[in-house]
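Have a look at the structure below, then the notes.
Since every read-out is calculated from the coordinates, none of them should be taken as a lab result. Since this is a predicted model, take the numbers as computed values, not measurements. Note that we place each Cβ from the backbone using ideal geometry, even for glycine, and neighbour counts take in every protein chain shown.
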Amino acid sequence: MNKYLTNILILIISFCCFYSEVDAAQILQVTSSSVLLIGDHNRTYTVKLACTEISTDLEVKAVKWLKEQLPRHTKVNLKPKGSVNGVLVAKVIPFDSNIDISEQYINEGLATNKC
């Protein structure tokens, strides 16, 4: 009986020690029309939107639109596509949508598809 209680106690302690909540990535800052600062409570990442090219004459309008679509603390999923000079290139999908923000950008006419 003592061995049984010991095993139960070890099991309970294991669940308590090894359980950790997974936090979603969230928008910390819209840096430019194609670069975001994203964090997950452990680290921060600079993320460049994949497959988008924004013309310089639409930069201000594009940044305003992006800030409206991805306000601070918006939870997002990232689908990495690679990296360039230490910057993660990824598709960014808000939790409340199944559509990549790059696709929305292109549909709005603020960016062109470069993939």
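Cα convex hull, the stretch 23-113: 89 Å³ per residue, rounded to a whole number. Around the amide H of LEU110, modelled in the peptide plane, lies no amide H under 5 Å away from a residue 5 or more places distant or on another chain. Considering only ASN98, TYR45, ALA111, the residue lying farthest towards the positive end of the dipole of the stretch 23-113 is TYR45, judged by Cα position with unit charges set on Cβ. Among the listed pairs LYS91/LYS114; LYS48/LYS75; LYS61/LYS81, give every one whose C-alpha distance is greater than 18 Å. In this structure, LYS61/LYS81 exceed 18 Å between Cα atoms.
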